[in-house]
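Worksheet: one structure, shown below.
The values are calculated or read from the model by the stated rules, or taken from the named source; none is laboratory data. Just so we're clear, the structure is a prediction, and the values are computed from it rather than from any experiment. Virtual Cβ from ideal backbone geometry, glycine too; neighbours counted across all protein chains shown.
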Amino acid sequence: MRRLTDKRLALTATCLIVGVIIIALSATTVRVGAVLALMLVVGIAGISTVTTKRLRKAHPVLTRAAVTLLVLDASLFATYFFSSITNFNLAIGAAMSIVLLGLSFLTGASGQISLGNSAFMGVGALAVAIWANHHASTPIFVTLIIAIASGAVVGLLLGLPATRLRGPYLAGMTLAFAVAFPSIVNSFSSWTGGDAGLQLPTAVSAPRWLSSIFGSHASLLTLNTVWITDITIVVTGVAFFFMANLFASRTGRAMRLVRDNDVAAELAGVSLPRARVIAFMVSSGYAALGGALWTLINNSVSPPTYSLALSITILSLVVIGGIGTLPGALIGGVIYAYSTNVISWFTAHTGINSQGNLASQLPGIIFGGLLIVTMLFAPMGIVGAARRLWAKRRLRTVA
Amino acid sequence: MDAFLTSRIISDVLEGLTNGVIYGLVALSLVLIWRSTGILNFAQGAMPMFATYIGMVVFAHKLNFWFLAAIAIVAGFAVGGITERVLVRHLYGKPELNPIVVMVGFLIVLEGVAAAIWSTTPRGLPSPFSPIDWHLGGQPFALSPFAVYEIVTALIVMTLVACLFRFTKLGLQLRASAIAPEVSRLLGVRVGRMLTLGWILATGVGTIVAVLVSSNFFTGLTPQVMDGIFAFGFIAAAVGGLDSPVGAIVAGVSMGIILQFVGDFLNSNAIIVTALIILIISLMIRPNGLFAKSTARRV
C-alpha cells in the first residue's frame, strides 16, 4: 500500500515537472504561463482525487466536483485551439446539453415527459433579452439566474395540475404549451418583439486579460467566441455538478421511487405532488438556462426557433443519449452540436438534391427515425446499451 | 340588446360550432385509440394528414372530390392498420413512456417525409361547396354551404361510430377486447385484430377531419395542417375525459364555441392561450376529465 502511494507521488511529480518545462518553453508571456500552470495543477489535482479509491468512497461530492473540474479544465484548454466555428458549435451543444439534462431528470427521476421544453427555452431566452434591453449593465451570471427563475416560475404555473396527473396528460399539456408559445409571444409583442424577436443591446465581449493571452493576432470575433464558449462550458459544468448531486440526494432517490412505484413512494412518506412539481420546475429552469445561453451566444433571440419541432428534437436527443443519465445528456448535446454539419456533409456527398425539400427535412426525419428505433430496440439509449455491454463483459471475465 | 351584438353572437356560435365539430371529431379519434389500446396517439394528426396527401395529391387527375376523399379515407384505414401492426404492436405492456415517445417520433417522421415529397407549400384542394356565407335579408349569416357540409359530415360520422359500438356485434367485440382482453380472448374474440381495427377506425375518422380541414378554402393542405387542430383536439379529449366519447364530442363542440367568442372579442392570439388555461383548470379540478367515471387504480 505504502509502495503504491510512493509510486503515485513520483508519477504526479513527474507530470508536474514535465508540464512546467513544456509551459516554460511554450509560454510567451508570464500571464500565459500562469494560466497554463493553473490549469495543469487543477488537472493533476483532479486526476489524483478521482483515481484515489478511498476518497471516491468517502467523499462522493468531492469526487463529483473533481470530475467536473477535470472536464472543465480540459474543455477550456481545448477552446484555445479550436476555430471560432467549432467553438460556436461547442457552445450551442453545451447549452443544449443543459436542456437535455433537465428533461432527462424529469423523465428519469419522476417518469414524466415534457414536450414543452422548447417553449421553456424560449422563456429563458426572452427573459435574458428583455432584461438586457432594460438593464444593460447587469452581470451575465445575474441575468442567467433571472432566466432560470423565470423558467421555474412558468414551470410552476404549468406544473400545478401536473401534481395530480398520470400517464400521457402531462405530455399532451406541455405539447399544447409548445404549440401555444408563438401566440403567447405575439400577445406580448411590445415586450418580446413578436416573431422578429429581440437583439441584445451589447454583445458579450471578452475581458482584456483574455486578449493578452491570445496575443494581438487574434481577432475580436475569435476572442468573443472563445469567451462566451468558456462561459457556457463553465455554466454547463456547474449545472451538471448540481444535477449529479441532486440525482444522488435524498430528493433524487425519492423521485426515482415516485417513478417506479408512486403508491409505494406515497406509503414511504414521499409527497407526490411536491416531488412532481419540483421535478417539473427543475426541468423547466434548466431549459430556460439553456435558452438564455443561446441568446447570449447568438446575441439575439428569435422566437420561431423555439417551436414544437425543437421540443421533439430535445426529446429525441435525450432518448438517444439515454434517459436519466448524465453522460447521456452530454452525448446528446455533442450530437446536436454536430448534427447540422454532419447532415449537410451527408447531403452534399451523397448527391441527394441539396436545395430540395428532402435536405431541409432530413434532420427531422433522422431524429424522428432514431427516436423510434432507439425506443423500440434500446430504450435506455447509447449509455444504457454501453452499460449493458460493459456488464456482460465483466460477467464473462469473472466466469 | 341591440341587433348588431345579437347577430355577432349568433355568428360566433355558428362559426364556433363548425370549428367545434372538427375538434370533437379529433378528440373522438383520440378516445377511440385510447380506449382500445391505452395509447395517446400523438401522430393522430400526422397520420391522417399523410393519408390525405396520398388520396388528394397522388390521385388528383381530374377525379372528382368525392372519389378523392374516398381514396384518402381508404389510405387512412391503411395507414392506421399498418402503423398498428408494424409500430404499435411492440409497445403494448411497455412502460407508458415508450408509446408516447415512439408516436412523437412517428409524428415528426411523417411530417418530414410529407414535406420532403410534397413540399411545404399549401395545396388548395377542390372544395365541393362554396365557402361564401349565405345572406339573409342582405345580411351575411356566418353560415356557408361548406360549413353546413362540415357539420353534417361530422354528425354522420359521430352517429356511425356510435351505432357501430352500440348496435353491432363487431362493436361489442371492440368494446369487450378493450375492457377485458383476456376474457374476450377466451370467448373467441380475435383481440389482436380488434386492436388493429380500433386504429383503422380512428385513423379513418381522423382522415375525414383532415380532408374537411384541408379542403377548406382558407387553410389548404400542408404537412403541418393538423398540428394546431391536434392540440385543440387533445385539449378537448383531455377536458372531456380520454375514456369518454360523448365527453370528447361535447368538450370539442363547446370549446369551439368558447374559443370563437374569445377570438372575436379579444384577439386571435388569445385563442390557444385560453384553450391552454381551460385545460390546466379542468385538469386541476378533475384530472381524469369532466365526463370520466372515477376509476379505482390497482396497486
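Taken over the range B:176-189, the criterion of being free of Cβ contacts under 8 Å to residues at least 12 places away in the same chain and surrounded by 13 or more Cβ atoms within 10 Å (Cβ to Cβ) is satisfied by B:Ala180, B:Pro181, B:Ser184, B:Arg185.
Against the numbered list (1) in contact (Cβ under 8 Å) with a residue 12 or more places away in the chain; (2) in a loop (DSSP other than H, G, I, E, B); (3) of a type outside the set (Phe, Trp, Tyr), A:Thr143 comes up short only at (2). Please verify whether A:Ser205 is more than 7 Å from chain B (Cβ to nearest Cβ), surrounded by fewer than 19 Cβ atoms within 10 Å (Cβ to Cβ) and without any contact (Cβ under 8 Å) to a residue 12 or more places away in the chain, treating the condition exactly as stated. The answer is no for A:Ser205.
Just one residue in the set B:Val152, B:Val205 is crowded, with 20+ Cβ neighbours inside 10 Å and aliphatic (A, V, I, L, M); that residue is B:Val205. Entry remark, the range A:152-177: residues being under 16 Å from B:Ile278 (Cβ atoms) and more than 9 Å from chain B (Cβ to nearest Cβ) number 1 in total. Taking B:Glu96 as the residue in question, decide whether it is acidic (Asp, Glu) and buried (at least 18 other Cβ atoms within 10 Å of the Cβ). It is false that B:Glu96 is acidic (Asp, Glu) and buried (at least 18 other Cβ atoms within 10 Å of the Cβ). One residue is enough: does the range B:256-279 have a residue meeting the conditions within 14 Å of chain A (Cβ to nearest Cβ), under 30 Å from B:Leu170 (Cα atoms) and surrounded by 17 or more Cβ atoms within 10 Å (Cβ to Cβ)? Checked against the condition, which is being within 14 Å of chain A (Cβ to nearest Cβ), under 30 Å from B:Leu170 (Cα atoms) and surrounded by 17 or more Cβ atoms within 10 Å (Cβ to Cβ), the range B:256-279 yields no hits at all. Name the residues in the range A:368-384 that are within 23 Å of the chain's Cα centre (by Cα) and more than 7 Å from chain B (Cβ to nearest Cβ), would you? A:Leu370, A:Thr374, A:Ala378, A:Met380, A:Gly381, A:Ile382, A:Val383, A:Gly384 - these are the residues of the range A:368-384 that are within 23 Å of the chain's Cα centre (by Cα) and more than 7 Å from chain B (Cβ to nearest Cβ). For the range B:174-207, the set of residues classified as touching a Pro at 6+ places or on another chain (Cβ under 8 Å) and farther than 13 Å from B:Glu84 by Cβ consists of B:Gly206, B:Thr207, listed by residue number. Evaluate the following for B:Val225: is it under 17 Å from the mean Cα position of the chain (by Cα), crowded, with 20+ Cβ neighbours inside 10 Å, at pLDDT below 85 and not polar (S, T, N, Q)? Yes, satisfied. Quick check on the range A:178-202: of everything there that is of a type outside the set (A, V, I, L, M, F, W, C) and more than 14 Å from chain B (Cβ to nearest Cβ), which residue is nearest to A:Phe120 (Cα to Cα)? Filtering the range A:178-202 for residues that are of a type outside the set (A, V, I, L, M, F, W, C) and more than 14 Å from chain B (Cβ to nearest Cβ), the one nearest to A:Phe120 (Cα to Cα) comes out as A:Gly197.
The range A:164-229 holds helices (runs of 4 or more DSSP H) entirely within its bounds, and those carrying 3 or more residues that are not assigned by TED's automatic domain parsing to the domain that holds A:Leu126 map to A:208-214.
Report yes if some residue within the range A:9-26 is closer than 30 Å to A:Leu289 by Cα and crowded, with 16+ Cβ neighbours inside 10 Å; otherwise report no. No, the range A:9-26 has no match at all.
When the criteria are applied in full, A:Ile98 meets the requirement of being assigned to a helix (DSSP H, G or I), crowded, with 24+ Cβ neighbours inside 10 Å and more than 14 Å from chain B (Cβ to nearest Cβ). If you go through the range A:294-339 and keep only what is assigned to a helix (DSSP H, G or I), hydroxyl-bearing (Ser, Thr, Tyr), closer than 20 Å to A:Gly122 by Cβ and more than 11 Å from every other protein chain (Cβ to nearest Cβ), you end up with A:Thr295, A:Thr305, A:Tyr336.
Table: residues versus (1) at pLDDT below 90; (2) within 16 Å of B:Val213 (Cβ to Cβ).
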{"site": "B:Ile73", "(1), (2)": "no, yes"}
{"site": "B:Gly80", "(1), (2)": "no, no"}
{"site": "B:Val88", "(1), (2)": "yes, no"}
{"site": "B:Pro95", "(1), (2)": "yes, no"}
{"site": "B:Ala115", "(1), (2)": "yes, no"}
{"site": "B:Pro122", "(1), (2)": "yes, yes"}
{"site": "B:Ser127", "(1), (2)": "yes, yes"}
{"site": "B:Pro131", "(1), (2)": "yes, yes"}
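Among the residues of the range A:187-198, those identified as surrounded by fewer than 17 Cβ atoms within 10 Å (Cβ to Cβ) and polar (S, T, N, Q) are A:Ser189, A:Ser190. Among the candidates A:Asn133, A:Asn87, which residue alone is more than 14 Å from chain B (Cβ to nearest Cβ), within 17 Å of the chain's Cα centre (by Cα), of a type outside the set (Ser, Thr, Tyr) and part of a helix (DSSP H, G or I)? That would be A:Asn87, the only listed residue that is more than 14 Å from chain B (Cβ to nearest Cβ), within 17 Å of the chain's Cα centre (by Cα), of a type outside the set (Ser, Thr, Tyr) and part of a helix (DSSP H, G or I).
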